1. Considering only DSSP beta bridges with both partners in the chain, what is the antiparallel share in %, to the nearest 5?
2. Based on DSSP H assignment, which helices of the chain show an axial Cα extent of at least 27 Å together with a mean Kyte-Doolittle hydropathy greater than or equal to -1.0?
3. Just want the ordering: Phe162, Phe248, Phe5, from fewest to most Cβ atoms lying within 10 Å of their own Cβ.
4. Non-local amide H neighbours of Arg39 (under 5 Å, H modeled in plane, Pro and chain starts lacking H): which ones?
5. Using a basic spin-label model with each label point 7 Å from the Cα along Cα→Cβ, how many nm lie between Thr130 and Arg254?
6. Give a residue-ordered list of calculated ³J(HN,Hα) values for region 41-53 (Karplus: 6.51 cos²θ - 1.76 cosθ + 1.60, θ = phi - 60°; whole Hz; x for Gly, Pro).
7. Between Lys121 and Ser29, what length comes free when the chain is fully extended (0.36 nm per residue of separation minus the Cα-Cα distance, one decimal in nm)?
8. Compute the distance in nm between two label points, each set 7 Å from the Cα along the Cα-to-Cβ direction, one at Gln6 and one at Val64.
Amino acid sequence: MDTYFQGKVAIVTGASSGIGLATARLLGSLGAKVVMAARSYEKMKELAPSVGPEVLCLRTDVSVEGDCRRLIQETVARWGRIDILVNNAGLSMRAMFKDLDLSVLHRLMDVNFWGTVYCTKYALPWLLATKGSVVGVISIAGYSALPARSGYSASKYAVRGFLDTLRIEHLKDGLHVMVFAPGYTASNVRNAALTADGSAQGETPLEEDKLMSAETCAGYLIEGLRKRRNAMTLTALGKATVAAHNLFPNLTDRLTYGYIAREKDSPFQ
Ligand SMILES: NC(=O)c1ccc[n+]([C@@H]2O[C@H](COP(=O)([O-])OP(=O)(O)OC[C@H]3O[C@@H](n4cnc5c(N)ncnc54)[C@H](OP(=O)(O)O)[C@@H]3O)[C@@H](O)[C@H]2O)c1
């Protein structure tokens with residue numbers, strides 16, 4: 001019987017959908033006390049029984065510093081400790097930078113980057129006390145840039161830089177810091193992605209049923225937590241992209257251009 005997560009207190013941001021919900025459910029099934037954080041409070045309350053017997057739902061907009069502070073305070077008030085923080089809440093986009101309202105780029109940074117920074121800042125003393133884990137769910141786009149996702153790639157590169165720094169700062173303190181990069185995973189992320197004017201895209205250009213499931217993705221995240229991995233990159237395409245970006249950056253730019261040019265309603269058309 002796997003007891004690693006038994007009784008641990010784990011916060012998952014963006015737990016109302018997709019990878020976050022699947023992660024919360026796996027942690028709950030392994031005996032963790034789970035805090036679900038997202039904006040959709042009613043939805044989380046409905047989903048909470050599927051996560052486990054010890055679940056706390058907290059309405060949190062991670063782009064609001066006060067919400068993140070309260071998330072940590074209320075977790076500690078309930079359970080007195082924090083062992084795991086999964087910074088998963090995230091937002092994508094799809095528009096060429098030349099057409100982009102700058103408010104979209106601000107929003108992407110506020111949710112993806114600042115949301116991670118705020119939650120990590122307030123949780124850090126508690127995570128240091130337990131020699132716990134902090135995770136940033138980034139993306140392959142946080143290693144190898146994706147056209148028409150300038151704000152998304154920039155925010156995910158930024159999270160990686162932030163967390164890689166934090167790991168070195170606390171190398172001798174027993175803190176586990178993992179940068180977790182899923183490949184394409186079936187979820188609501190492309191429907192919710194922002195277009196040039198900040199409205200939601202409302203559809204996906206990909207065949208979602210052919211992508212990795214959120215449950216499989218969450219399984220890898222759990223494995224990374226248990227093995228205290230520093231970084232994980234998922235899917236064959238994702239691993240090949242990161243390797244190619246490092247070894248042959250110019251070629252990878254051209255291949256990435258071609259890949260996105262073939263996408264449904266490509267931004268290059
Ligand atoms: N799916 C993929 O292909 C893929 C690939 C690589 C990386 N990722 C990353 O994986 C993470 C999870 O995405 P997903 O694919 O599972 O997408 P999803 O199904 O759209 O879930 C996104 C989650 O983030 C939450 N969220 C969004 N804005 C928020 C805010 N301001 N404050 C708090 N929560 C917020 C949403 O909840 P509310 O709307 O209720 O707030 C939702 O629970 C993201 O960081 C994403 O960038 C996804």
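What follows is calculated from the coordinates using simple rules that are stated; it is not laboratory data. These numbers were taken from a predicted model, which means no experiment stands behind them. No Cβ is skipped: glycine too gets one built from the backbone with ideal geometry, and neighbour counts run over all protein chains shown.
1. Values: 1 of 28 bridges.
Just about 5 percent of them are antiparallel.
2. 150-169
3. Details: Phe162 17, Phe248 12, Phe5 21.
Going from sparsest to densest Cβ surroundings: Phe248, Phe162, Phe5.
4. For Arg39, whose amide H was placed from the backbone, the distant partners under 5 Å are Thr60.
5. With each label placed 7 Å out from Cα toward Cβ, I get 5.0 nm.
6. 5, 4, 4, 5, 4, 5, 7, 3, x, 7, 8, x, x
7. On the way: separation 92, 0.36 × 92 = 33.12 nm, distance 2.77 nm.
Net length gain for the segment: 30.3 nm.
8. 3.9
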